[in-house]
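Scroll down for the structure; my scribbles are underneath it.
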């Protein structure tokens, strides 16, 4: 017991020494390996977090500034980094390419088991969809790297059914410094993905076929039409004649999925991209926003598409909470706040209450 106390006393002495010139301590508390200091911040919050991170991170500690009078020191257990190289990412990418090519070919009416060469029909869909997902994740990746956040390369998730993939993700392996970095990393993915999805929709619509609603031989999925997609369709094809419908080319379908994925990511829940944006905007009030969004999902699941109930359940499993950045004091600047609230309008333009409806087209 004496050895443990001496060790903890040494830690407290070390941390108090490193606070010099940054934070004036009036009270200290230690519980569950977390040290919480009460006192007064002596310098700008951003500079304080940067200075303390530089002093403490090499020793396995990170500062969490909740207010100018509240500084928490978190201890990160030392772990041996798992060096797998990019091979896991490459294998998952190739596996996802395979499943999306297969799904794309089957959706075009091909029978890959009878004619393996018919798989080539799935490449337009697969390449477009993986490009949208990949650019989305690379938007996060390069923005995180710009802020000095340690982050993995994208992991693609293959799926043998449905769309051929469950999407892609990256992992941030070091803390986010402040709300500005959190906001920029969160918004970068959806904006980057749309830079591919929107041109794909326009090109794909030009290659699509105008048919009569209920035409024989055209069976498939009736898709909901987000405002963004409707606008692009009108600009590309003009008004659709009464009784007409559009049989989407695989490239346009992949672009539509890109909008759907963007909508899911922009939901202001937990650690989704929208969750990052919401926390950066409203801080600790983000949980109220997440609960409201969850209730909206449940309502849409009951009234329109049962799939929203699955996403609501998944959100509860993953959690509605969002960890704070190291500097939770400095607010976003006016420009980022404007972009943040504009992202809500973007969400409304790319989401649709009833995305999928299996029917005859």
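General remarks:
- Taken over the range 299-310, the criterion of being in contact with a helix residue (DSSP H, G or I) (Cβ under 9 Å, 6 or more places away or on another chain) and either at pLDDT below 95 or surrounded by fewer than 18 Cβ atoms within 10 Å (Cβ to Cβ) (or both) is satisfied by 299, 302, 307, 309, 310.
- Qualifying residue in the range 183-193 (condition: assigned to a loop (DSSP other than H, G, I, E, B) and either over 13 Å from the mean Cα position of the chain (by Cα) or modelled with pLDDT of 95 or more (or both)): no
- Unique residue being assigned by TED's automatic domain parsing to the domain that holds residue 120 and either closer than 24 Å to residue 155 by Cβ or surrounded by 22 or more Cβ atoms within 10 Å (Cβ to Cβ) (or both) when the list is 238, 244, 167: 167
- The set of residues from the range 17-45 being touching a strand residue (DSSP E or B) at 6+ places or on another chain (Cβ under 6 Å) and assigned to a helix (DSSP H, G or I) comprises just one member, 45.
- A single entry from 258, 224, 283 fulfils the requirement of being in contact with a strand residue (DSSP E or B) (Cβ under 8 Å, 6 or more places away or on another chain) and touching a residue at least 60 places away in the same chain (Cβ under 8 Å): 224.
- Test: residue in the range 271-279 that is surrounded by 14 or more Cβ atoms within 10 Å (Cβ to Cβ) and either modelled with pLDDT under 95 or assigned by TED's automatic domain parsing to the domain that holds residue 51 (or both): yes
- Only a single criterion out of (1) within 22 Å of residue 331 (Cα to Cα); (2) over 33 Å from the mean Cα position of the chain (by Cα); (3) surrounded by 18 or more Cβ atoms within 10 Å (Cβ to Cβ) is not satisfied by residue 49, namely (2).
- Extreme residue, surrounded by the most Cβ atoms within 10 Å (Cβ to Cβ), among residues of the range 311-354 that are outside any helix (DSSP H, G or I) and within 17 Å of the chain's Cα centre (by Cα): 325
- Given (1) under 29 Å from residue 62 (Cβ atoms); (2) at pLDDT 95 or above; (3) out of contact with any helix residue (DSSP H, G or I) (no Cβ under 9 Å at 6 or more places or on another chain), number of the condition residue 318 does not satisfy: (2)
- Any hit, the range 75-84, residues being at pLDDT below 85, under 22 Å from residue 45 (Cα atoms) and outside any strand (DSSP E or B): yes
The values are calculated or read from the model by the stated rules, or taken from the named source; none is laboratory data. Everything numeric here is computed off the predicted structure, so don't read it as measured data. Please note: Cβ atoms are built from the backbone with ideal geometry, for glycine as well, and neighbour counts cover all protein chains shown.
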